[in-house]
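Chemist: Let me begin by handing over the structure; questions about it come next.
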Amino acid sequence: MASASGKEERGLVVVTGASKGIGRSTALELAHAHHMHVLGISRDAQGLARLVEEGEGRIRGLALDITEDDAPRRIAAAIGEEPVRAVIHNAGLLHKAGIGEHDAAGLERCFRLNAIAPLLITQALLPRLAAMSGSHVVHIGSMGGFQDSAKFAGLVGYSASKAALACMAQCLAEDLKPYGIRSNCLALGSADTEMLRAAFPGYQASMSADSMARFVAWFTLNGHNQFNGRVLPVSLSTP
C-alpha cells in the first residue's frame with residue numbers, strides 16, 4: 001500500500017507466542033533478515049523483554065494472555081491505526097493426557113488458545129489488515145491436525161484443536177476475500193522446541209526452530225502470492 005507521500009508502507013507483522021521457540025525465532029528473522037517491524041505477543045513479559053532487546057529497534061512487545069476476553073481489543077489498541085501486513089497465529093498450548101484423564105477445563109483451554117483466539121484476534125484486526133495490499137493471516141498448525149497424518153496417543157486434544165485451526169484458516173480465506181486478505185495454515189512437523197520435547201521426551205527433531213522459522217517468515221511475506229485457503233504440510237518427519 002502506498003502512503004500519501006508515495007512511499008510503500010511495509011506494515012506491521014503481529015506474532016503471537018513470540019517469547020520462545022518458533023515464534024521467537026520467526027520474530028527475529030522478520031526483523032533482522034526482512035527488516036520488518038514486529039509486534040510480539042506473549043504472556044512471558046521477561047521473555048518478551050529479551051526479544052525486544054534483540055530486535056534492534058524493530059520489535060516491540062505486548063505481554064498478554066490471548067485467551068482473555070479483552071485480548072483482541074487490547075491488541076488492536078496497542079497497534080492503533082498502523083496497517084498490519086500479516087498476523088502469525090503461532091501461540092499454542094500442548095494438551096497431553098491419556099484416555100480417562102481428560103477434563104473439560106483443560107480441553108476448553110486448549111481449544112480456546114489454539115483455535116478460538118486466532119479467529120477473534122483476526123476479526124479484531126480486520127480494519128488494519130484490510131488497510132494493506134497483500135495482507136496475510138498465517139495459522140501455525142501441526143501435522144498432528146493434518147488429515148490422515150500419523151496420530152499419537154495422548155495428543156487427541158492438541159491434535160483436534162489444530163485440526164480445527166486448519167479448517168478455520170480455510171474458512172477465513174473465504175470470509176476475508178472481499179477485503180483482499182489471504183489466509184493459510186502451515187501444518188508443521190517436528191522441530192526442536194520445548195513443546196516437542198514435552199510431547200515426545202527423548203525424541204531428537206530433524207529440524208531446528210531457527211530453520212523452521214526462516215521458512216515461516218518467508219512464507220508469511222510471500223506465500224499469499226501463490227496460496228489462499230490452503231493447509232500446507234511443512235515436515236521432514238512426524239515426529
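Readers should treat all values here as calculations from the given coordinates under stated rules, not as data from a laboratory. Just so it is clear, the model here is predicted, and its values are computed rather than measured. Every residue, glycine among them, receives a Cβ derived from its backbone with ideal geometry; neighbour counts consider all protein chains shown.
Chemist: Ratio to report: Rg/Rh of segment 12-234, with Cα atoms as the point set and Rh obtained by the Kirkwood method; give two decimals.
Modeler: On the way: Rg = 16.2 Å, Rh = 17.3 Å.
With Rh from the inverse mean 1/r over Cα pairs, Rg/Rh is 0.94.
Chemist: Check the chain and count each lysine pair with an alpha-carbon distance under 25 angstrom, considering only pairs eight or more places apart or from different chains. Please list the in-between numbers first.
Modeler: On the way: Lys20/Lys96; Lys20/Lys162; Lys96/Lys151; Lys96/Lys162; Lys151/Lys162; Lys162/Lys177.
Eligible lysine pairs with Cα atoms under 25 Å apart amount to 6.
Chemist: Continuing with the same structure: What residues of segment 31-68 lie in the reach of a label at Arg112, counting those whose backbone N is under 17 Å from a point 7 Å from the Cα along Cα→Cβ?
Modeler: 42-44, 64-68
Chemist: Here is a follow-up. Can you list the residues of segment 174-190 with backbone N under 19 Å from a point 7 Å past the Cα of Phe152, pointing along Cα to Cβ?
Modeler: What the label zone holds, given the 19 Å backbone N cut-off, is 186-190.
Chemist: Mind jotting down a quarter of the surface of the convex hull over the alpha carbons of segment 134-239, in square nanometres, one decimal?
Modeler: Numbers: hull surface 26.1 nm².
Its average projected convex-hull area is 6.5 nm².
Chemist: So for each of 52-65, 162-175 I average, over its residues, the number of other beta carbons within 10 Å; can you give me the resulting order with the highest mean first?
Modeler: Working: 52-65: 16.2, 162-175: 19.6.
Sorting 52-65, 162-175 by mean packing, highest first, produces 162-175, 52-65.
Chemist: Rounding to the nearest 20 debye, state how big the charge dipole of the chain is about its Cα centre with +1 on each Lys and Arg Cβ and -1 on each Asp and Glu Cβ. List each step's numbers first, then the result.
Modeler: On the way: 22 positive and 22 negative charges, 59 e Å.
Taking the Cα centre of the chain as origin, the dipole is about 280 debye.
Chemist: With each run of n ≥ 4 DSSP H residues scored as -39500 (n - 2.57), what mean residue ellipticity at 222 nm is computed for the chain after dividing by its residue count and rounding to the nearest 500 deg cm²/dmol?
Modeler: Numbers: 9 runs with 92 residues, N = 239.
Roughly -11500 deg cm²/dmol at 222 nm, from the helical runs in the chain.
Chemist: Under a 10 Å cutoff between Cα atoms, tell me which one of Ile88, Ile79, Ile99 has the largest fluctuation in the Gaussian network model of the chain.
Modeler: Taking springs between Cα atoms under 10 Å, the residue moving most is Ile99.
Chemist: For Cα pairs less than 8 Å apart in space and 6+ apart in sequence, what is the mean separation divided by the residue count of the chain, i.e. the relative contact order in percent? Mind showing how you got there, number by number?
Modeler: Details: 478 pairs, mean separation 46.6, N = 239.
Rounded, it is 19 percent for the chain.
Chemist: Given points 7 Å out from each Cα along the Cα-Cβ axis, report the Asn222 to Gln170 separation in nanometres with one decimal.
Modeler: Distance between the two pseudo-spin positions: 2.6 nm.
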